Each structure stands twice: as C-alpha cells, then as structure tokens.
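Undergrad: Structure in structure tokens, see below.
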Amino acid sequence: MATIVDVEIDPTALIAALGRHARIAAGALGRLSTADKRRGLIAMARAIRGAEAAILAANAIDMANAEKAGLSSAMLDRLNLTPDRVAAMADGVATIATLKDPVGETIDETVPANGIHLSRVRVPIGVIGIIYESRPNVTADAAALCIGSGNAVILRGGSEAVESNRAIHAALVEGLKDAGLPAEAVQLVPTTDRAAVGAMLAGEGVIDMVVPRGGKGLVARVQAEARVPVLAHLDGINHVFVHASADPAMAETIVVNAKMRRTGICGAMETLLIDRDYPRAADLIAALAATGCEVRGDDAARALAPDIAPAAKSDWDTEYLEAIASVAIVDGLDGALAHIARHGSHHTDAIVAEDATVAERFLGEVDSAIVLWNASTQFADGGEFGLGAEIGIATGRLHARGPVALEGLTTYKWIGRGTGQVRA
C-alpha cells in the first residue's frame, strides 16, 4: 500500500490514499461497541491534556504568523488557544464519551401485510470530510464526534492554524493508539495546497459527506464544486427582536450579551430589531454602544440616537464577526418577521418579549435552525445544547439542522426479518 508521503505531491492521489485508509478504519469503527468508542474518546481527551504545552507552543507560532498577515480581530480570536480553551477542548471530547450512542438505535419498526418485520436502524455515515478555517478546536470536536458516531474523518484545516491543528491531531492519534483504536480513523490532510480541497470535493466514493466550516467564500466554493453530499454551515446573520412587551432590564442584558460576549462566533447577534412601540429603544442602543460596539442604524434608529452611524443596505446582509451591530426600528412582530425573512441566514434568531402569544408566533414563523425566546443567541452551540460539541450549525433543511452532533452524523438502514416470505 502506498504511504501518504509517497503521494502527497498529487492532491488527488493524496486524498484517495487518505480515503482508502479511512474506509478501512470506518469499517473497524462500525464494529466497535459503545464501550470501545467511549474508551477511545476518554483516551483522546487525556492525550489532549497531556499535550497542552505542545499545543500552546504550536498555537503561538500560528498566532504570530496570523498577526503578521494582518488577520482580523475576529479571526485572531477564533485562532487563539489558551490553557482554559485547551482544557475546554479536552472536556468537550470527554463529554462526548458520556452521551447516548445513536448507532444501532431502532428509529421505528413495523410489520406490513407481507409479514416481514421491518425496522429502521441508525448506522454511521462512513467517511466524513471536514473542511474548516481558523478554529483549531474544530480538529478535536470533529474527530471526537466522528469517533463517537462510528465514522472515520479526514480533516483539512486552514493554513492559518496549521501548526495548532498538527499538534492537536498528534495528540488525538496518540489517544486512539493508546485505546487500541485505528489511528487512521482521524487523519489530517498534510498539505495546505488548496488543490487538496478540490480533491476532497471531487472525492465521490472516497468521502461520503463533506462538512464545511468557515466563511462565506469557503462554503460557496464547497457547494459549487462538491460531487459528494454537503452538510452546509452558512453565515450567522442573527437577529434579536425586542418586542414592545419586553422587560427593559432583560432586553438590555440579552442584547449586550448576544453581541459582545464573543463577537467572532457564528452565534453572535449581528442585527438588533426594536419594536417601534418599545419605550426604551434609545436606552437599549446606548447600552450597546457603551460596550464599545460600533452601532449602525436606520433613519428611525438614528432619530433616537443621533450619534450612531448610518446603516448601508449591505449592513443588513453582513456577518460582521466583530464589535459592529446594525439596528433597525420595525413595526411590531410583523415588521420583525419580514426583516428576518428578507435578510436572515436561517441560523439563529431570538425574541425578547413578555407577551407569550407574540413569542410563540415568532418561534413558529421564523424559519431558522435555532429560534430562541428570552435568551441570548450566544447559546447557539452544541455544548450548550447538551450535545458535548458540534461539527457545525447546519442551516439547510435536509438530514440535520442546527447543532450537528452524534445523531446528525448517522444515517439509517432498513432491516427486514422474515419467516420465508417470497413475493408473487
């Protein structure tokens, strides 16, 4: 069998070789018990903790290179690792080991007129390709979720995090080996050549599903070029709508947190919608601006807060991922629903309201993967949903939606148990 080094000059041959190793590993994973997979995950978490110094040293190299390259503050925040973030990464892997294993679960069963007992049973997808930018924690999250769901994974991280990803991957492989699981179950594409991405996208029969995690450009390329199924994670153009019935203290707390807790994550609020009848709109805008957020408003918002900048048309369709927010004054619930339908990205939207009837209508009519009532959009996270981690927030309509974790990385097959039936 050719080694990865033998073929790394040719991206197509490289991905094919990785895929062959992954397919063998996926077969082995599919035969593992839940206890075996949990043992592997615990060993992977332990290895990350043991490699903290090496991971942080590698990340320091990436951070220095990123700063020289002039990456945005949002990208730097996503890239940066600290001891607390490495510990959280390890904890996330360990948490996945405690979750219910979806593989082998019977979804439903029936006995039709032919008498064959039919059941639908969850099974792993097979070989998953993850293409991602900036966030090195995705290396651990994706690997752990794929192992937990019985899938092999081929990881292709961004060039800005190459050293961090390699250090994390080395720890994960060490953990797999310690647990007696196939090291090839988690492979990292060893080149930053963009042609390797193209080879993954063209890898029909090599890769069973591709998950892109990154900016609009990456996702657009994946969707345009992929010859394998794609589980898309699109922009987080997220809204918080403050209804006239909202409690002012709650509204201020939620709005500031939704925007400013971490501005560079996909769950951050980008647009604040304020009901024209909300009595404390000026105070709400002022509270947001007081945190250091650059506020851009429509004419009605600027009439209430003349110091904020005017919003351009493009602002309503922009995922800032930094301390900038657009503000629009809308005509009640109908105005908010219309704005979100026109400009939203189907990711996460929230309402702050005391009127339950209004809130329930918002929850029912907003067509987003995550819809929240009286809670910050920053909760759009697999860990916060009790899923341990996520491989992405799927914003489409097929297969999986919202935070994609163990169950989202499975498909199903039909199993029929007969008693000698033949069809006439």
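The values are calculated or read from the model by the stated rules, or taken from the named source; none is laboratory data. This structure is a prediction, so every number in the text was calculated from the model and none was measured. Note that each Cβ is placed from the backbone with ideal geometry, even for glycine, and that neighbours are counted across all protein chains shown.
Undergrad: Looking only at region 347-367, which residues are under 17 Å from Gly236 (Cα atoms) and surrounded by 22 or more Cβ atoms within 10 Å (Cβ to Cβ)?
TA: Hits for region 347-367 are His347, Thr348, Asp349, Ala350, Ile351, Val366.
Undergrad: Mind checking which residues of region 151-184 are out of contact with any strand residue (DSSP E or B) (no Cβ under 7 Å at 6 or more places or on another chain), among the hydrophobic types (A, V, I, L, M, F, W, C) and outside any loop (DSSP other than H, G, I, E, B)?
TA: Residues satisfying the conditions are Ala161, Val162, Ala167, Ile168, Ala170, Ala171, Ala183.
Undergrad: A further question on this structure: So which residues in region 107-135 are at pLDDT 95 or above, in a loop (DSSP other than H, G, I, E, B) and not aliphatic (A, V, I, L, M), if there are any at all?
TA: Selection gives Pro112, Asn114, Gly115, Gly126.
Undergrad: Let me ask something else. Go through region 394-424 and count every residue that is more than 18 Å from Ile125 (Cβ to Cβ) and either in a helix (DSSP H, G or I) or of a type in the set (Val, Ile, Thr) (or both).
TA: 3
Undergrad: Among the residues of region 165-194, count how many are more than 19 Å from the chain's Cα centre (by Cα) and more than 20 Å from Gly388 (Cβ to Cβ).
TA: Here the count works out to 18.
Undergrad: Go through region 65-106 residue by residue and tally those that are among the acidic types (Asp, Glu), surrounded by 15 or more Cβ atoms within 10 Å (Cβ to Cβ) and in a helix (DSSP H, G or I).
TA: Count: 2.
Undergrad: Considering only region 34-75, state which residues are β-branched (Val, Ile, Thr) and over 15 Å from Met89 (Cβ atoms).
TA: Passing the criteria: Thr34, Ile61.
Undergrad: Cβ-Cβ below 9 Å, separation at least six or inter-chain, first residue in region 328-341 and loosely packed, with under 15 Cβ neighbours inside 10 Å, second among the aliphatic types (A, V, I, L, M): which pairs?
TA: Asp331/Ala338; Ala338/Val330; Ala341/Val366
Undergrad: Go through region 310-327 residue by residue and tally those that are out of contact with any helix residue (DSSP H, G or I) (no Cβ under 8 Å at 6 or more places or on another chain), crowded, with 17+ Cβ neighbours inside 10 Å and charged (D, E, K, R).
TA: So the answer is 1.
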